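A short write-up of the structure that comes next.
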Amino acid sequence: MRRPGPSSSCRHGSAALPTLLLLLLLLAASAQAQQARTRTDPVEADALKGVFDKIGREMWPSWFSSSVDPCTGAATDDTDTDIDHNPNLNPAIKCNCKYQNNTVCHITKLKMYALDLVGPIPEELRNLTHLTNLNLMQNYLTGPIPSFLGELTALQYLSLAINALSGSVPKELGKLVNLVSLGISINNLNGSLPPELGNMVKLEQLYIDSSGLSGPLPPSFSKLTSLKILWASDNDFTGQIPDYIGSLSNLSDLRFQGNSFQGPLPTTLSNLVQLTSLRIGDIVNGSSSLAFISNMTSLNTLVLRNCRISDNLASVNFSQFAKLSLLDLSFNNITGLVPQALLNLNSLSFLFLGNNSLSGSLPSSIGTSLKNLDFSYNQLSGNFPSWVSPNLTLNLVANNFVVSNSNNSVLLPSGLECLQRDTPCFLGSPQRAPTWGVSNVGRFMEAFERDYIIQSLNASYTVYSSTRLFRNTPDSELFQKARMSPSSLRYFGIGLENGNYVVTLQFAEISFEDSRTWKSLGKRVFDIYIQGERKEQNFDIRKEARGSYAAVQKQYIIPVTRNFLEIHLFWAGKGTCCIPSQGHYGPLISALSVTPAPNAARKRSKNKTGATVGAAVGAVVVGLIVLTGLYVRRQKSRKLSLEQQDLYNTVGRPNLFTYSYGELKTASENFNSSNFLGEGGYGSVYKGKLSDGSVVAVKLLSETSRQGKKQFITEIETISQVQHRNLVKLYGCCLEGNNPLLVYEYLDNGSLDKALFGNGRLNLDWPTRFEICLGIARGLAYLHEESSIRVVHRDIKASNVLLDANLNSKISDFGLAKLYDDKNTHISTKVAGTFGYLAPEYAMRGHMSEKVDVFAFGVVILETIAGRPNYDGRLGEDKAYLLEWVLLLWTLLWAEPTGGAASRRQQLRQVRRLICWIRWQEVSNSC
């Protein structure tokens with residue numbers, strides 16, 4: 001019997017397989033040939049290269065080089081790859097290659113997101129005229145928003161948010177009539193919004209929060225009827241919220257917190273029935289009602305905090321707000337009962353009604369989703385309802401509740417009765433040890449995905465810092481953790497003796513970085529009240545301490561008259577919301593202490609009621625912490641010599657940590673010669689390893705140096721005020737004994753002079769040498785122009801330039817620095833610096849300006865290019881000094897022969913230009 005063969009269809013299929021493969025190969029070859037025929041517009045390719053050269057050189061993408069056309073691969077993917085939401089495509093571009101019969105590509109999208117790019121927005125962008133999407137968000141771009149962006153009229157999405165841009169908003173942006181989304185949030189802008197922005201009638205998203213803008217909202221914004229999202233919080237907008245806002249009927253998300261808007265709220269807001277999120281706060285003057293929200297039944301989030309609302313909750317039918325998840329009506333003048341319909345909402349999770357005039361008892365039941373309720377500082381009374389449980393975060397302080405008669409009083413925190421109005425506890429008969437409590441209210445915006453924030457609802461919003469040293473304090477341990485609040489944080493001292501007290505508040509910012517990156521752009525701002533009196537408005541910890549991880553202390557003399565003390569930290573809507581991530585704003589405190597004032601202390605030597613409270617210590621019990629195991633921290637006292645005291649006064653400024661002499665002696669192994677790094681301007685430098693494993697450089701002031709102490713003080717004063725990625729970072733100092741010390745960051749590759757012509761010289765190619773010089777230039781530009789104080793270093797030389805592990809250059813040794821004053825360029829002190837680097841006008845006449853550093857920098861450039869030191873006595877009299885030798889042989893190619901494949905002719909041309917510039921400078925300075 002014959003075995004059955006394959007069917008006819010199978011045989012035909014097998015025969016067709018080679019044909020199909022051949023067809024696929026032909027199609028692939030055709031596509032490859034077509035792609036080979038397409039090329040990026042050369043003007044745009046050059047512009048893109050210019051952009052990366054200026055701000056993205058370190059992020060140079062693999063898909064872009066001199067030999068590869070940028071519009072290839074994913075950039076031309078017809079599936080329209082979403083580069084904005086793909087973290088693997090960054091930096092990235094998108095191209096359209098359907099121009100000129102599919103032979104020319106234009107760049108339509110450019111994404112350089114969260115790359116910590118530094119510098120101004122490159123002018124080369126103006127040549128990318130086909131851009132529809134430009135995303136430069138989350139970098140450290142500086143300078144103004146360039147007006148030429150208004151020429152990119154194809155733009156639909158422009159995001160410059162979370163940068164360090166300054167200046168005003170250019171009116172030319174109004175030419176971007178196709179723009180759908182504009183983001184300039186979290187920048188350092190100033191001035192008012194130009195009315196020309198009202199021409200962007202297609203705009204659907206406008207993010208201008210925390211941008212530094214001020215003035216009234218322009219009337220032309222009434223034309224932005226397509227707006228769906230408008231974020232304008234944390235600015236200084238003035239006047240009333242315009243009536244026309246109510247005509248922007250497509251709005252779904254509106255934020256107006258933390259401004260200087262005048263009341264009342266416009267009744268036209270009632271037209272915004274599509275709103276799902278409304279946040280308004282901090283209204284000045286006027287009085288408003290709640291009636292305008294009656295038809296906003298799609299709301300998920302409603303915040304009308306500190307809006308001067310005078311109304312009754314019964315004026316709104318809350319049963320219609322089925323989607324409402326968060327309601328914050330705190331700090332108003334709302335009266336009447338708490339409606340049962342409001343607490344029955346099954347979607348409601350967060351309810352904040354504190355600081356109003358609500359009365360009566362609490363409703364008998366609540367919805368299944370409610371987990372955080374604040375009724376503090378009202379006129380509520382009666383017993384507590386049966387729904388009170390430990391699973392709720394419930395704030396009930398400063399009401400008229402009868403705690404002892406409540407059936408569930410066992411579930412309430414001990415001491416709650418002492419925090420009701422007209423509390424009888426300890427009145428006139430204080431305890432020997434006072435009781436302390438804390439009340440924390442609020443919910444962080446957009447923080448639902450942050451685990452520690454969710455946990456903090458039942459853990460007191462405690463924020464932890466990694467173990468590290470804090471500047472400006474001998475007690476870093478005190479600042480390793482802090483208590484943070486999204487809205488209102490109060491501390492209560494109960495049972496204090498009446499009299500005057502010294503209240504000391506300790507702060508340190510631990511959420512924001514201290515570097516030139518987007519993570520350093522966060523801003524925390526809040527107000528401080530003690531006994532109901534505002535002591536600080538718009539208090540900014542980092543601004544006050546001049547940096548993160550630096551301690552700052554606020555101290556007040558406060559009277560206690562009813563055995564009760566209240567310290568209130570209040571967020572008024574200011575500050576950034578989402579750096580380094582969502583939910584980092586509002587009050588933050590590390591510790592506080594309350595001690596009897598000096599005169600009062602003598603009267604109560606046997607009854608010490610003072611205490612220091614670690615602000616993040618304790619656990620939440622139904623929203624109230626009662627701390628009973630308080631500890632007293634006594635400061636160690638020691639006598640200081642007048643000279644030491646003078647030095648302590650000098651470094652009392654922020655941004656400086658004080659080390660002990662023993663700690664640094666141990667770190668450097670008793671200043672062992674094996675750890676010797678070199679000789680500085682006023683002493684020796686040693687490598688040290690601290691107890692936490694960090695490696696530092698320790699400068700030991702020489703006893704024989706006459707100028708040493710003065711230079712030491714100068715360096716502290718100067719470096720503590722200037723911080724830049726191309727300046728060596730000062731960690732702190734030691735002022736004990738006769739040998740004061742400075743502690744710097746340790747840089748692995750040592751000084752530039754050793755790298756160039758030392759015994760262990762490094763093999764530096766031309767691009768590396770260029771980057772080293774560029775880094776020095778950036779550091780000098782910061783000292784001369786960008787820093788809050790202008791500084792002339794006066795001793796720029798190769799040995800004062802250090803290189804880190806990646807050969808990034810950093811300027812060191814500020815011992816000879818002088819603060820620069822435009823009006824005083826002649827100095828009477830003796831000339832300081834290093835022979836061979838001194839500018840002629842400075843060496844001969846003592847004439848000092850920033851050109852002194854520029855001249856010395858020119859000499860360092862010559863050393864870097866030539867590969868030889870400024871002075872080499874072995875070369876003979878005519879060649880000993882580098883500058884004289886270069887001027888003598890300026891017609892010859894003198895560059896170091898290890899320059900690789902670079903063009904000798906190009907090198908000579910560049911060197912001649914440099915020498916001509918130096919000679920011109922000498923002539924101009926001698927005139």
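The values are calculated or read from the model by the stated rules, or taken from the named source; none is laboratory data. As the structure is a prediction and not an experimental result, all values here were calculated from the model. Every residue, glycine among them, receives a Cβ derived from its backbone with ideal geometry; neighbour counts consider all protein chains shown.
Taking the criterion of being polar (S, T, N, Q) and out of contact with any Asp or Glu (no Cβ under 8 Å at 6 or more places or on another chain), the residues of the range 308-331 that qualify are SER310, ASN312, SER315, ASN317, SER319, GLN320, SER325. Scanning the range 491-509 for residues that are surrounded by 22 or more Cβ atoms within 10 Å (Cβ to Cβ) and under 21 Å from ARG542 (Cα atoms) yields VAL503, LEU505, GLN506, PHE507, ALA508, GLU509. Listed by first and then second residue, the pairs linking a residue in the range 218-238 that is among the basic types (Lys, Arg) to a residue that is crowded, with 21+ Cβ neighbours inside 10 Å, with Cβ atoms under 8 Å apart and 6 or more places separating them unless they lie on different chains, are LYS228/LEU251. Just wondering, is there one or more residues in the range 526-539 that are touching a Ser or Thr at 6+ places or on another chain (Cβ under 7 Å), buried (at least 22 other Cβ atoms within 10 Å of the Cβ) and not aliphatic (A, V, I, L, M)? No, the range 526-539 contains no residue that is touching a Ser or Thr at 6+ places or on another chain (Cβ under 7 Å), buried (at least 22 other Cβ atoms within 10 Å of the Cβ) and not aliphatic (A, V, I, L, M). Just one of the listed residues (VAL698, VAL743, VAL722) is more than 20 Å from TYR661 (Cβ to Cβ) and either modelled with pLDDT under 80 or touching a Phe, Trp or Tyr at 6+ places or on another chain (Cβ under 6 Å) (or both), and it is VAL722. Of all residues in the range 400-422, those being modelled with pLDDT of 75 or more, buried (at least 19 other Cβ atoms within 10 Å of the Cβ) and in contact with a helix residue (DSSP H, G or I) (Cβ under 9 Å, 6 or more places away or on another chain) number 1. As a summary of the residue check, LEU115 satisfies the conditions (1) of a type in the set (A, V, I, L, M, F, W, C); (2) over 30 Å from GLU513 (Cβ atoms); (3) crowded, with 16+ Cβ neighbours inside 10 Å except for the one numbered (2). Do we have SER548 as crowded, with 21+ Cβ neighbours inside 10 Å and in the same structural domain as LEU588 (by TED's automatic domain parsing) here? Judged against the criteria, SER548 is a match. Taking the criterion of being surrounded by 15 or more Cβ atoms within 10 Å (Cβ to Cβ), of a type in the set (S, T, N, Q) and over 20 Å from PHE318 (Cβ atoms), the residues of the range 358-398 that qualify are SER376, SER381, ASN383, THR393, ASN395. Just one of the listed residues (ALA154, ALA161) is within 23 Å of LEU115 (Cα to Cα) and not assigned by TED's automatic domain parsing to the domain that holds LYS523, and it is ALA161. So, LEU348, is that one over 27 Å from TYR244 (Cα atoms), crowded, with 20+ Cβ neighbours inside 10 Å and not assigned by TED's automatic domain parsing to the domain that holds PRO486 or not? When the stated conditions are applied, LEU348 passes them. Restricting attention to the range 522-572, the residues being without any contact (Cβ under 8 Å) to a residue 40 or more places away in the chain and among the hydrophobic types (A, V, I, L, M, F, W, C) number 2. For the range 254-278, give me each residue that is farther than 19 Å from LEU224 by Cβ, crowded, with 21+ Cβ neighbours inside 10 Å and within 29 Å of the chain's Cα centre (by Cα). Selection gives GLN257, GLY258. Looking at ILE83, ILE93, just one residue is modelled with pLDDT under 95, surrounded by 20 or more Cβ atoms within 10 Å (Cβ to Cβ) and in a strand (DSSP E or B), and that residue is ILE93. Taking the stated definitions as given, is THR153 β-branched (Val, Ile, Thr) and closer than 17 Å to VAL43 by Cα? Here the answer is no, as THR153 does not meet what is asked. Residues in the range 785-805 that are of a type in the set (Lys, Arg) and in contact with a Phe, Trp or Tyr (Cβ under 7 Å, 6 or more places away or on another chain) were compared, and the one that is modelled with the lowest pLDDT is ARG790. Of all residues in the range 765-799, those that are without any contact (Cβ under 8 Å) to a residue 60 or more places away in the chain and not in a helix (DSSP H, G or I) total 1. Only one entry of ILE528, ILE510 meets the criterion of being at negative phi, hydrophobic (A, V, I, L, M, F, W, C) and in a strand (DSSP E or B), and that entry is ILE528. Summed over the range 195-221, residues that are surrounded by 16 or more Cβ atoms within 10 Å (Cβ to Cβ) and part of a helix (DSSP H, G or I) total 6.
THR297 meets the conditions (1) modelled with pLDDT of 95 or more; (2) within 23 Å of GLY263 (Cβ to Cβ) in every case but one. The failed one is (2).
Out of LYS171, LYS175, one residue alone is within 19 Å of PRO146 (Cβ to Cβ), modelled with pLDDT of 95 or more and crowded, with 18+ Cβ neighbours inside 10 Å. It is LYS175.
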